[in-house]
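Heads up, the thing below is written out as structure tokens.
Derivation of every value follows stated rules applied to the coordinates shown; laboratory data play no part. If you're wondering where the values come from, they're calculated on a predicted model, not measured in any experiment. Here Cβ is always computed from backbone atoms with ideal geometry, including for glycine, and neighbour counts include all displayed protein chains.
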Amino acid sequence: MPKIPRIAVLLQTDNAFGRGLARGVAQYARLHGPWSFYRMPPFYRQQRQGLSKNTLAKGRTWQADAVIAHVNRPEEQEDFRLMQLPAVVTYVREPVPGIINIHSDNDALGRLAAEHLLERGLKNFAYCGFDDMCWSAQRQHSFTRRLHAANRRVHSYHQPAEMDHRLWQEKLQHMADWAASLPKPLGVMACNDSRAQDLTEACKMADIDIPEEVAVIGVDNDEGICQLCDPPLTSIAQNTERAGYEAAEVLERIMRGQTPPGDQIVVPPGPVVVRQSTDMLAVQDKAVADAIRYIHRHTRDLQQVQEVANAVGLSLRQLQKRFSRALGWRISDEIRRTRVQRACQLLIETNMPMAKVADAIGYAEPTNLARFFRRETGMSLLQYRKKYGRK
């Protein structure tokens, strides 16, 4: 009987990123296994947070054939080299040299966040991340570059080094003072959902209303964190399950003595999952703002662009001109964008049958929605739900 490969899965599954990777590894094993897994011990059995030498030692004692792991501290890099096992890692601060690394498409994440906030009609922007994390800096660079292209300035949050060991409340107060000092209304990208939650709590301390004064978008679409935020957090999903599947595929190739296809696995970005933290409009032209609100409230039953003009008391030609001047796109573009966004939200957050999804968007026939959705996203409804929806 062939030997069953033993895989040490040393991932932090207390967050969406790690859970998604683990699901992808498991999916690959179900299709191509069987595999046997050694997993990260639960937190109450770990002597310190994150990966420890004790955990790696147990992996060696268990005689693992390969490892996929989360690297938390620089000194752990040498531990992996000493293991001399096929390995794929994801990191906190810096990539691990000599090992295949999993990392996000940080350029795409920053760009998506910037474009989402620009669509809100905002003119003021900021970034809130971690100064000592390379992936946070990469997201900030992309976010800033996209907004500079739109002739917008970006403010950045920097926590002084001397505050690293201060109490959480003191750190929040420093962030609250920073947020209070910035021009409003303001759109902020946080480097991940955890940092976005810090920002929403800091805004409460400063009596800043979200989203009316500050619109916040995070990354990872960690539903537990997004729902803990008040109001619920808009976030960019990441297809970590696909990355986990690819990581398992790479590990198997190395275990078979084959050369891996590269030295990195890129996590593709998912859609922006819109929640209340960016549910606002910063449009000075009242007629345009009223038109957008009408579109959002009547997505299901809106039939013609003329209806929007009638609702705000302008001719269609007048409203089209003011719409283009204020936002840079047409009324029909906003209707289409709103319908796609609503369809994506229903596909991700519910298990509604496709016929009901179509009805909620204003399509009598699911086939009509299917054609529209594929044209706008390049994916079928079923493909989109399978890729980004609830597992």
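Other residues whose C-beta falls under 14 angstrom from the C-beta of ALA243 contribute a net charge of -1, scoring Lys and Arg +1 and Asp and Glu -1.
Between the amide H of ALA8 and those of TYR38, ASP65, ALA66, VAL67, ILE68, distances stay under 5 Å, these residues lying 5 or more places away or on another chain, with hydrogens modeled in the peptide plane. Where both bridge residues fall in the chain, DSSP classifies roughly 10% of the beta bridges as antiparallel.
Put a dot 7 Å past the Cα of ARG30, heading toward its Cβ, do the same for LYS286, and the two dots end up 5.6 nm apart.
The shape of the chain can be summarised by an equivalent ellipsoid whose semi-axes, obtained from the alpha carbon gyration tensor, come to 41, 27, 16 Å from longest to shortest.
For segment 286-388, treating each Cα as an identical point scatterer without solvent, what Debye log10 I(q)/I(0) comes out at q = 0.15, 0.23 1/Å? Treating every Cα as an identical point scatterer, log10 I(q)/I(0) equals -0.63, -1.12.
Divide, for segment 227-275, the radius of gyration over alpha carbons by 2.2 N^0.38 Å, where N is the residue count.
1.67
Stokes-Einstein D for segment 165-311 at 25 °C, 0.890 mPa s, Kirkwood Rh over Cα pairs, in µm²/s? D, rounded to a whole number, is 134 µm²/s. Result for the chain in a Gaussian network model with C-alpha springs under 10 Å: among PRO211, PRO160, PRO271, the largest mean-square fluctuation is at PRO160. Each helix, a run of at least 4 DSSP H residues, gives -39500 (n - 2.57); summed and divided by the residues of the chain, these come to -15000 deg cm²/dmol at 222 nm.
When the Gaussian network model of the chain links Cα atoms closer than 10 Å, the mean-square fluctuations of LEU21, LEU109, LEU186 top out at LEU186.
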